Amino acid sequence: MKALRHGLTRWGKYWAYQERGQGFASRSQCDKLGEVIVYGSSAMAEITPPREVRQFDQMIERLAPQCIRAIRAHYVCKGQWALMGFDSKKSYVYWLRRAEIVMLY
């Protein structure tokens, strides 16, 4: 579990850095994620991530949508669960733990 969380932390830092972009943003990236949820895509340039990041991307893609949101909220958005559409912190923690357990197996 410790190794998984370390890898997810590195994955989250990579994507947070990529989403931050160049210069100053007028809105947070976690807020902009709502556009992807509503419209289905964003105006993001193609990026070729490192192999380790791609491996975590593939593992995360196989998870349930709630698990994906929880992983992103915790590792990319630094725990801002309310911005990711969770009703309560308890719900967010449940889906986060479930995602981590599923990723171990």
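See the values below:
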{"item": "Where a residue in region 63-85 is on the phi > 0 side of the Ramachandran plot and its partner, wherever it lies, is buried (at least 16 other Cβ atoms within 10 Å of the Cβ) and of a type in the set (A, V, I, L, M, F, W, C), with Cβ under 8 Å and at least six apart", "result": "Lys78/Ala16; Gly79/Ala73"}
{"item": "Residue within region 10-33 that is within 25 Å of Val102 (Cα to Cα), modelled with pLDDT under 85 and among the hydrophobic types (A, V, I, L, M, F, W, C) present", "result": "yes"}
{"item": "Any hit, region 69-82, residues being over 18 Å from Ala3 (Cα atoms) and over 13 Å from the mean Cα position of the chain (by Cα)", "result": "yes"}
{"item": "Leading residue by the ranking (modelled with the lowest pLDDT) among those in region 66-105 that are among the hydroxyl-bearing types (Ser, Thr, Tyr) and surrounded by fewer than 16 Cβ atoms within 10 Å (Cβ to Cβ)", "result": "Tyr105"}
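The values are calculated or read from the model by the stated rules, or taken from the named source; none is laboratory data. This structure is a prediction, so every number in the text was calculated from the model and none was measured. Positions of Cβ are generated from backbone atoms using ideal geometry, with glycine treated the same way; all protein chains shown enter the neighbour counts.
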